[in-house]
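The values are calculated or read from the model by the stated rules, or taken from the named source; none is laboratory data. None of the values given here were measured: they were computed from a predicted structure. For neighbour counting, all protein chains shown are included, and Cβ atoms are generated from backbone atoms with ideal geometry for every residue, glycine included. When the accessible area is computed, the model is the full protein with side chains, heavy atoms only, and any ligands, DNA or RNA have been set aside. Shrake-Rupley method; radii C 1.70, N 1.55, O 1.52, S 1.80 Å.
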Amino acid sequence: MRRARSTVFLWVLAAGAALAVHPALSAPALSGPGDSLPPVHAARLTSPVSVDGALTDRAWQGPPGITRLVQSQPLEGAAATESTWVWIAYDDEALYVAARMWDAHPDSIIAPYFRRDNFVPSDFAGLIIDPFHDHRTGYEFVLTPSGAIMDATTANDGEEDASWDGVWEGRARRDPQGWTCEMRIPFSQLRFTPGDRQVWGVNFGRNIARRAEKSFLAIKPKAESGFQPRFPHLVGIEGVKAGRTIELSPYVTGKAEYLVRPAGDPFNDGARYTPTVGGDLRTSLGSNLTLNATVNPDFGQVEVDPAIVNLSDVESFYQEKRPFFTENSRVFSFGADGPNDSWGMNWPEPTFFYSRRIGRTPQGGVPPASDPDATMFADVPMATRILGAAKLTGRPAPGWNFGTLQALTSRERAKVWTDGLESRTEIEPLTWYGMVRGQREFKEGRNGLGLLSTLAQRRFGDGGRLASDLNRQSLMAGLDGWHFLDSKKVWVLSGWSALSRVAGTVERMQALQRDPRHYFQRPDAGYLGVKDVTSLTGFAGRLALNKQEGNVAFNSAVGVLDPKFDVSDMGYQSYADLVNAHVMTGYKWTKANRWQTESRLAGYLASNWDFGGERVWSEVGATGHVTFINNHKLDAMADWFPEATANRQTRGGPRMLRRAAGDLSLHYDTDENRRLQSCTNAGIEVTPATDSYGAYVTPALAWKPSPRLYLRLGPTLERSVADAQFVTSVAAPGDVPADFGGRRYVFAHLDQTTVAASIRLNVTFTPNLSLQTYIQPYISAGGYSDFKELARAGTYDFSPYGPDAVASPDIITVTPAGGGTPFTFRNPDFNFKSLRGNAVLRWEYRPGSVLYLVWTQQRSDEETLGDLRFGPSTRRLLDAQADDIFMVKATYYLDL
């Protein structure tokens, strides 16, 4: 059976490769609003072009192909305030673009330096092309007057994915007339349908930062839909081929780790030095598919994750930052295509592919020594090693999108030393991760149908010690799609449905049913119950209706998550057992006037139910946005949450009452194009019946004192007072109500304060040489008091513990109200402090070849103390020993 499943994935991979090398038929050019604009002609070069930013080559001496741009912001439809001329040419190897950006005030051009794709507000010029001419996908290439570059792929008619890094050239120059730029984009970096005569969609845009002015050859009006269908045709490209390329990037690293280790550790005295070699491969299969592969990857250059104190029962979600997994990740999105707007409204949308699962921190623990008095040390890997990974993406035939990703992670063992005896124990099994994504578009994108399937398969060692802790297999298969209901593509119906199946031992399935994602042990949920099974199969789905254009907005959706649905081995899922529905309507003002350039207002209703029919959450609210004429922006949102049933507050216990609450949040940005910009977030949520509240304020300042320096400081202050914060549950057979499942559910008053900051300092010496630094100090303290237990299911009634409760630094002893046996639990007070950051020097010494010098430091301190004492906490944090990691990584790009 295992071999059969592996064969299926290999067959799909082979099928994609076969489609890639099969000669595809040329797709007919789709019609669209862009047909009304005159075509843009690309001229075949008769002499070489030197990409230096100076428009002195013969190719640029004739009349430009583009001479008029139209504003999309701030004055939609008005002519651009400055002239822009654009030439496009090509030879057998590449597409060439030259542009002259005239400017009556060249000394006012805003041109900071920044690292590739790390955008800082700037003047820029950019080319957007749609080589497949499908009105949905394409590429963007952007240059700034300082020579900084950005690139991206586009999908779903304009959604950008900046993770893609093509290998292309771009240069810019400033002069008394404004500035100029040149680009050389190899056809090997593009995917397009083979054919002697190419017809692509094309657009060109320019940003004049000091005026907050964006202009394009073809704009999408704010009250309408469809951006790429409006592109004029790019014609004149004949006799070119994408060609087959093999791009190889071998790398070497040297890593020095200076970590805090206990005295006498036989495995690590605090210093460790590790060399590593590996490589990345990118090659084309045919003209339409790209294969990316990596062997023994190292991602030490990525930014550290922020610190957080999570008191909920939902796993923290962290963004993916590793280049192999971020590049072209849009290909694997599921259920997101079709509509140009979507609303969540407390819908916990599963992330079906959460790439942080691959190479995660080992999940198993080191078993304790049989002798409690034994001296024990353990050497535990910080992350699971990725032995290799590969993905194949592209468009094997007109109207088709395809992607597959396969990865293998190693079996990780911890070294254990117990009283002089050394052993090894498995803490992460050998694991295969696989995913296949296919999508077909019909009738010029009016309909779409897609498939996604994921698999995580583990092979346990050490006699199956981890088999009761981890699933042996996790499989998911789903369909998604969209359908436009009218000929003008104003209304679109979209949705997805999925099945999941997880398998493992009986012990593992019992643990999974009790997991916070499921809580099958809830004593008053008669439709659930923990069962002796070796697999769980669940379903989920969502259907949405969206109005694509017009000043009146509308969106509604209904979704279900079956209690047994689980995709958390390969994806991310907050919880299940949910039916969600919402409706939203609003109005957009898109015409600029004397005080604003655009604004919108919307109202909405939403509710959640569990599969037992209980309404577990409701919301009625409104949100609004204004962009003022000075390019300041204001967002506001207000909500009211009526009383409902809370089925998760007791963490697997009986239902209780969720008190009515309300919240208000504000977000205000000043003009991002100024040297000093501020961004302020603030909000408050209040539960009047219990005097509970949560409030936060996050002001941020971004300062650009010179074109090469960027400083951003973002302090955060959070205050939370909860009348009933869950603490723990303890066994109490016979002493609690029958519908409590034989347990007490302990709550307390929580007073929590968090002070943190996000600090970034970037120095960009040249567009290819930069230093980026990031620091996050973080202090959070929470004090628990007034301990009590839930008195009756379905209520907000509590029985307080007597005044004889005894609290020690580590243990709290309480006596139930009305007598009973005293019991103890861990003191939940906390004072957590963290300081983490890194510095990355990046030098792209030749196109595609990069040298990194990295320093990462982390230090932390914890106390069982509920008060936030800023001075003493800061001193303890600075006195704490730090973990330091230094790394050198060099990659070399080879175009074979």
Subject >> Distance histogram for region 43-93 (every C-alpha pair counted, 10 angstrom bins, percent rounded to whole numbers) >> reply: 22, 40, 23, 14, 0
Subject >> Size of region 392-431 as Cα extents on the principal axes (Å, biggest first) >> reply: 66, 9, 7
Original post:
Label-point separation (nm) for Thr418 and Arg594, each offset 7 Å from Cα along Cα-to-Cβ?
Top reply: 8.2
Subject >> Cα-Cα separations in the chain greater than 49 Å, expressed as whole percent >> reply: 25
**OP:** In Å and from the alpha-carbon atoms only, list the Rg and Dmax of region 224-359.
**Re:** 22.4, 73
Original post:
Going 7 Å from the Cα of Phe317 toward and past its Cβ, which residues in region 506-525 have a backbone nitrogen under 17 Å from where you end up?
Top reply: 517-518
**OP:** Kindly provide the Kirkwood hydrodynamic radius of region 373-453 in Å, to one decimal, from all pairs of distinct alpha carbon atoms.
**Re:** 16.3
Original post:
Between Ala374 and Leu853, what FRET efficiency follows from the Cβ-Cβ distance if R0 is 41 Å, with the result rounded to 0.05?
Top reply: 0.45
Original post:
Under the classification rounded if a/c is under 1.5, otherwise prolate if a/b is larger than b/c and oblate if not, where does region 291-366 fall, given a ≥ b ≥ c as square roots of the Cα gyration tensor eigenvalues?
Top reply: oblate
Original post:
Give me the Kirkwood hydrodynamic radius of region 566-649 in Å, from all C-alpha pairs, to one decimal place?
Top reply: 15.7
**OP:** Could you give the C-alpha radius of gyration of region 91-234 expressed as a fraction of 2.2 N^0.38 Å, taking N as the number of residues it contains?
**Re:** 1.04
**OP:** Using only the alpha carbons, work out the radius of gyration and Dmax of region 628-768 in angstrom.
**Re:** 22.5, 73
Subject >> Translational diffusion of region 535-682, µm² s⁻¹ [Kirkwood Rh, Cα pairs; Stokes-Einstein; 4 °C; 1.567 mPa s] >> reply: 71
Original post:
Once the Cβ-Cβ distance between Asp305 and Asp92 is put in as r, and R0 is 45 Å, what FRET efficiency do you end up with, to the nearest 0.05?
Top reply: 0.45
Original post:
For a paramagnetic label modelled at 7 Å from the Cα of Ala104 toward its Cβ, which residues of region 211-246 fall within the zone defined by backbone nitrogen distances under 18 Å?
Top reply: 211-215
**OP:** First check a/c for region 338-420, with a ≥ b ≥ c the square roots of the eigenvalues of its C-alpha gyration tensor; if it is under 1.5, answer rounded, and if not, answer prolate when a/b is larger than b/c or oblate otherwise.
**Re:** oblate
Original post:
Computed over the Cα atoms of region 747-896, what is the convex hull's projected area averaged over all directions, in nm²?
Top reply: 15.4
**OP:** Report, in deg cm²/dmol and to the nearest 500, the calculated mean residue ellipticity at 222 nm for the chain, where each DSSP H run with n ≥ 4 adds -39500 (n - 2.57) and the sum is divided by the residue count.
**Re:** -1500 deg cm²/dmol
**OP:** Pop out the Kirkwood hydrodynamic radius of region 153-242 from its pairwise C-alpha distances, inverse of mean 1/r, in Å to one decimal.
**Re:** 15.9
**OP:** Starting from the Cα of Asn551, step 7 Å along the direction of its Cβ; do the same at Leu664; then give the gap between the two resulting points in nm.
**Re:** 2.9
Original post:
Taking amide H positions as placed 1.01 Å from N in the peptide plane, with prolines and chain starts having none, which residues 5 or more places from Glu76, or on another chain, fall under 5 Å of its amide H?
Top reply: Ala592
Original post:
Given 25 °C and 0.890 mPa s, how large is the Stokes-Einstein diffusion coefficient of region 609-688 in µm²/s, with Rh as the Kirkwood radius over Cα pairs?
Top reply: 161
Subject >> For region 251-316, projected area of the alpha-carbon convex hull averaged over all directions, nm² >> reply: 8.7
Subject >> Average accessible area per residue (Å²) across the chain - probe 1.4 Å, nucleic acids and ligands excluded >> reply: 43
**OP:** Using a/c under 1.5 as the rounded threshold, could you call region 32-118 rounded, prolate or oblate? The axes a ≥ b ≥ c are square roots of the C-alpha gyration tensor eigenvalues, and prolate needs a/b larger than b/c, oblate otherwise.
**Re:** oblate
**OP:** Please report the base-10 log of the normalised intensity I(q)/I(0) for region 445-546, using a Debye sum with one equal scatterer per alpha carbon and no solvent, at each q in 0.10, 0.11, 0.19 (1/Å).
**Re:** -0.44, -0.51, -0.94
Subject >> the chain: relative contact order as a whole-number percent, Cα under 8 Å and 6+ apart >> reply: 9
Original post:
Which length gain, in nm to one decimal place, applies between Ser706 and Leu769 when the Cα-Cα distance is subtracted from 0.36 nm times their residue separation?
Top reply: 21.1 nm
**OP:** Give the carbon-plus-sulfur fraction of the accessible surface of the chain in %, rounded to a whole number; probe 1.4 Å, heavy atoms of protein chains only.
**Re:** 57
Subject >> Förster-model FRET efficiency, 60 Å R0, Leu717 and Ser47, C-beta, rounded to 0.05 >> reply: 0.45
**OP:** Would you mind computing, in nm to one decimal, how far apart the modelled labels at Phe886 and Glu238 are, each placed 7 Å from Cα along Cα→Cβ?
**Re:** 6.1
Subject >> Gained length - Ser678 relative to Lys531, 0.36 nm times residue gap less alpha-carbon distance >> reply: 47.4 nm
**OP:** Per residue of region 581-595, in order, report the coupling 6.51 cos²θ - 1.76 cosθ + 1.60 (Karplus, θ = phi - 60°) as ³J(HN,Hα) in whole Hz, putting x for Gly and Pro.
**Re:** 8, 8, 9, 9, 9, x, 9, 10, 9, 10, 8, 6, 9, 6, 10
